[in-house]
Every structure is written in C-alpha cells, then in structure tokens.
1. Once you order the gyration tensor axes a ≥ b ≥ c over the Cα atoms, which shape class does the range 452-539 get: rounded for a/c under 1.5, otherwise prolate or oblate by comparing a/b with b/c?
2. I need the P(r) histogram for the range 491-587: all alpha carbon pairs, bin width 5 Å from 0 out to the longest distance, whole percents.
3. Can you tell me the FRET efficiency between F117 and A576 if r is taken as the Cβ-Cβ distance and R0 is 56 Å, rounded to the nearest 0.05?
4. Would you give the gap between the C-alpha center of the range 129-186 and the C-alpha center of the range 398-442, rounded to a whole Å?
5. For the pair A105 and Y442, how long in nm is the line joining their label points, each one 7 Å along Cα→Cβ?
6. Can you give the FRET efficiency to the nearest 0.05 for A161 and A284, using r as the Cβ-Cβ distance and R₀ = 22 Å?
7. Out of all DSSP beta bridges in the chain, what portion is antiparallel? Express it as a percent rounded to 5.
8. Assign one of three labels to the range 58-192, namely rounded, prolate or oblate, based on the Cα gyration tensor with a ≥ b ≥ c the square roots of its eigenvalues; rounded applies when a/c is under 1.5, prolate when it is not and a/b is larger than b/c, and oblate otherwise.
Amino acid sequence: MPWLSFGIALACSLLLVPVVRWLSFRTNRIAYPRKDRWNPRPTPTLGGVGMFVAFIAAVLWSGAARPDTLPVLFGAAIMFFVGLYDDYRELSPPAKLIGQILAAAVVVFFGYQIAFFKFDLLNILLTFVWLVGITNALNLLDNMDGLAGGIALIVVAFLGAFFFKAGNQPAFLLVSLSLAGAILGFLVFNFPPASIFMGDSGSLFLGFTLASLAVARKTSASNVLAVVAIPALLFLLPILDTTLVTITRLMRGQSPAQGGRDHTSHRLIAFGLTERQAVLSLYAIAVLSGLASTIVESRAYDFSLVFVPVLIIALSLLAAYLGRLQVVPDRPPDGQYGALARVAVQLAYRQRIFEILLDFLLISVAYYLAWWTRYNWALSDAQLTFYLRTLPLALAGTYISFFAFGVYRGVWEFIGVQDAMGFVRAVLGAVVLVGLALALLYPEFHGGTAQGIWVPIFLFGVFLFIGLAASRASFRILDQLYTRQAQRVRMPVVVYGAGRAGEMAVRWMQLNPDLGYHPVAFLDDDPRKWGRVIHGIKVVGDGSRFEEILRSETPVGLVLTLDEISATPQGSALLALCRREGLWVRRLRLDFEEVDL
C-alpha cells in the first residue's frame, strides 16, 4: 500500500516538528529579525530535522531503501548533515559547495545522470550542474513562510504522479510519497505565519532530493529534449527566482550568494499582495509549470510547443517587471562585483539582450502557430520538419525588420499609439521578408501556390503582432495593477476638469503613488463627458455633484485643472463648500521655467 508511506511520514512529521521546535528554543537555534531577513519575530530554525527523520522513518518502514534508491538517499543524507552543521556553525559558501559536489558525486557514481548529450562526460557535467544548481535554487527560495516547503510539495507531487504512471520504479514512488508526507506535516507549522523554519538542513536536503528524483526518473517521453525539458519545467519557479536574484544583484554590484529581501516573493509584496497572497500566487505558478511538464511527458508535442514557450514568456515578463520594483536600496556598482554590474547593465539596457532573447521565443511560437493553425491544429512529421528547417529564415527576416523599424529603441513603460504603428510596420516588413525567402527557396512547396506559402505567412504576421504588442504592453498593464494596489491606502481626491490637463493629472497620480493621491471622480461642466471613464475614473457630472461625492467617497481635496473657476457662481459655491468641509484645493500647473545661465 504505497499511500501508507505517505501517511506514516505525515504522522511522524506532525509529531516531530513540535518536538524539534521545542529543541530549537532550548539550544538557541533561532532566526532573529534582521534587515535582510523577512521574519518579524524570533523563529526556531530546525524544522528540517523533523522532516528528515519523518522521511527516513517512512522510507525504512515501506521498504523503499533498496539498491536503486540508496544512492539518492545517501546523497540526501549528506546534504541534510551539511545543512544541519551550517545551521549550527554557519559554513562558508565554498564549504557548502564542496558538500553539494560530494553528494552529487554519490548519485552520479551509481549511474544516475541526465542522458541528453551523446558523450557521457558532458552528461556527467550537466548532472552535477543540475544537482548543485537546484539544491541552491531551493535554498534561495526559502525566503518566506511556507514558500520553499509548498513549492517542494508541489514538485514532489508531480514527480510521484510520474513514478505512479510509469509503474516501473515502485521504490522511487515510495520515496516520493514519503517525502510528500514529511513536507506536508512540516507545512502545517510553516505556512504563514510560521512557527518554525526548515533551516539549511531542510532546504538543502529537499532541494537535493527533489533534483535527484528528477534525474532518477525514467521518462516515457520519446523526444530527447523532454529529458531536460520536464525537470526544467518542474523546477521553473526556483530557476526563475534564482536567475532574477542573480541578475538584479549583479546589476547592483552585490554578491548573488548573500541573503536579502529582493526575491520574487518580496517583490510580489512590494507589488501590493499580502504575504499569503504572494505565497499562493507562487504556488499557482508552480502548479502551471508542473502541468506543462505533464503535457511534455504525455508526448503532446503539438500543444506543448505552444503552451510551454507561452508560459515561459509570461513568467519572464512578470519576472522582468518585478525586477524593476525597488525593494532594496540601489548603490553604485563598485567593489568586487563592480565590473560584472557594469557588464550586466550594458547588456540589459544598452544592448537589449533580454528583449532579443525574449523575441526569439516569441517569433518561434508565432511561426509555429501559423503552420499549426494552417493545418488544423496538427502537424505531420514532414510538416514539423519543414517548420524547423525554415524557422531560421523566419528568425532572420523578423530580426532584420525589427531592427530596421526601431522595435528595440522604445521603452516599454511608455509604449503608445506611435509605438504600435511602428510594430505594424515591423511586422509587415517581417511578413514580406520571410514570405519572399520561402517563395524563392521553396517554390515547390504546395506547387508554389499562394495558399501554400502566403496563408501561413499571413497568420504568422497576425500572431507576431499580437505577441509583440502584448509583450511590450505588459509593463503598462502591470503598472495599472500596481498603482491600483498602491493606491488602496492613498488619499482620495476629486479632479475638476476632464480635458487633456485632467487626464494628465490623473495619469501623473497613477504613475507616482508616492504622491499619496488617489483620484476617485472627475467633475466637468461639459455634459457630453458625463458618464464617460478616463483611466478608470468616471466623470460623474458638474460641480453640483461635489456634495454627493463628499458623502460617498469622502475625498480630502480637490485638484483643479481648468482655468480660474472662482469667477463663476458655481465655482465660487464649490470653493466655499471646500472651505466649510475643511478640504484642501490645489491647482495643476504645467509650465516651462527658464533657467538663468
């Protein structure tokens, strides 16, 4: 009964974690609040001990400690004791790295490796990088209550499902269920607000065990790419978080290995989510990534070639946007990492390397969608081969057009109608270049008919424009969500005047939440504007509606964007009402001031 091992691990974890919590207080193994840590109160840190003991107890009881699983279990034990020693004595990063390499060597020595390359040496090196990298990625992800444990539980659940479906590795199924039970029991005490942390003994043990299980799994997918794609998708969130932290810290001239409050979870809170909402949002991303891995595992390659890249593009855009949020103070890129910081800034902002890499996926997906829809959502092997053979032409033609029409000169935060027209020109240029290249190089395709080449090329242009516009507009959309979150606790104000100046005033308030203004309504004397909405703010009527707004919205002030209104009877009455109710009145003033030279 495989599920009994899950139950035993869960019961042991529920019993052991409170005992370990008591022991942590007795031995002073406590994380005290610090500026670079998230916990607001002293919290015990030996939760990993309870998880590990519960896991081993369930593995031994279920008989899962067999010759094929022993290398993974032994490597996991090494990582646990390395982490436990670090919890007590604080190992240096090189010492922890040596421990991780030693544990990885045990797994690789007994024949577990990623079979991606034709040469064993390259596979061995890739396996070492995978095991060490994922171990550290989960260790870095342990930065908020319930986050690392919940992500680990989701990953091991998908791994267990893979082992169950394959049916040819029953011992690893038992190991997965035992690990899931141990994690769930710990999460009862670790979910926000946490009463105990897992410590390095838990995060290093979990990261290494999960990475090893992914390597040990015998995939049923026939595509060799799936050998890497499935584990990478399972661990997509830790990989993205580690990448985001590494890049942003290098751009600030800081060490990627140091602790800090600049992870994805912290940035989601800066975005306006609560701690629980941030953790649950990241859980949802982990589930989506796991579902993507099951699509690849089921050999639904037609669909996976769309779903997986779109998921990666969406998460990359979210990570790029969150990377812009200032959650820690910037500092000049000096010291040991100063040169790396300058290189990173140069690549990111001057050379636009991340945009170019993102567009590689975007162009590939748009081109695939064109042929996929052209052939009624199913490509034969010959059609898929043709897509792969001609994809370089699509990439080359599109990049040439993008550069020629200035796609990489714009700033995403300020995208507007003019930029959209530039995208139309760039897409039309790409369609012409790619279509002509295909027509000249493959005249025999479908007899050279227009339908054979130009229908999918037209579809390529449609999908390319949608992807290009959506990706560039994503920052504007997220800006709107961010300002709405930030303005929940702002001072409500009413804007008088729904013209260009009024629109500009509201936009300025939304883009600068630090001002503390939250526009709740427009007033305007023009009845043609009544009932209309500008940037989400309704034009409720003229000044006679102000007293009604006072009762419903309780504004603290009035922003004037029109010329002098006190000369009109209605304007004078409005200002008198503001004085009587104790509201401030401020005028928007835009002007160019001459500077004395």
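1. Values: a/c = 4.16, a/b = 1.98, b/c = 2.10.
Oblate, because a/c is 1.5 or more while a/b does not exceed b/c.
2. Percent of Cα pairs in each bin: 3, 14, 28, 28, 19, 8, 1.
3. E between F117 and A576, to the nearest 0.05, is 0.10.
4. Taking the Cα centre of the range 398-442 as reference, the centre of the range 129-186 is 43 Å away.
5. 5.1
6. Numbers: r = 18 Å, r/R0 = 0.81.
The formula returns an efficiency of 0.80 here.
7. Percentage antiparallel, nearest 5: 20.
8. On the way: a/c = 1.58, a/b = 1.06, b/c = 1.49.
Cα axes put the range 58-192 in the oblate bin.
Every number here is computed from the coordinates shown, using simple stated rules; none is lab data. What you see is a predicted model; the values in this text were computed from it and never measured. As a convention, Cβ positions derive from the backbone with ideal geometry for all residues, glycine included, and neighbour counts pool all protein chains shown.
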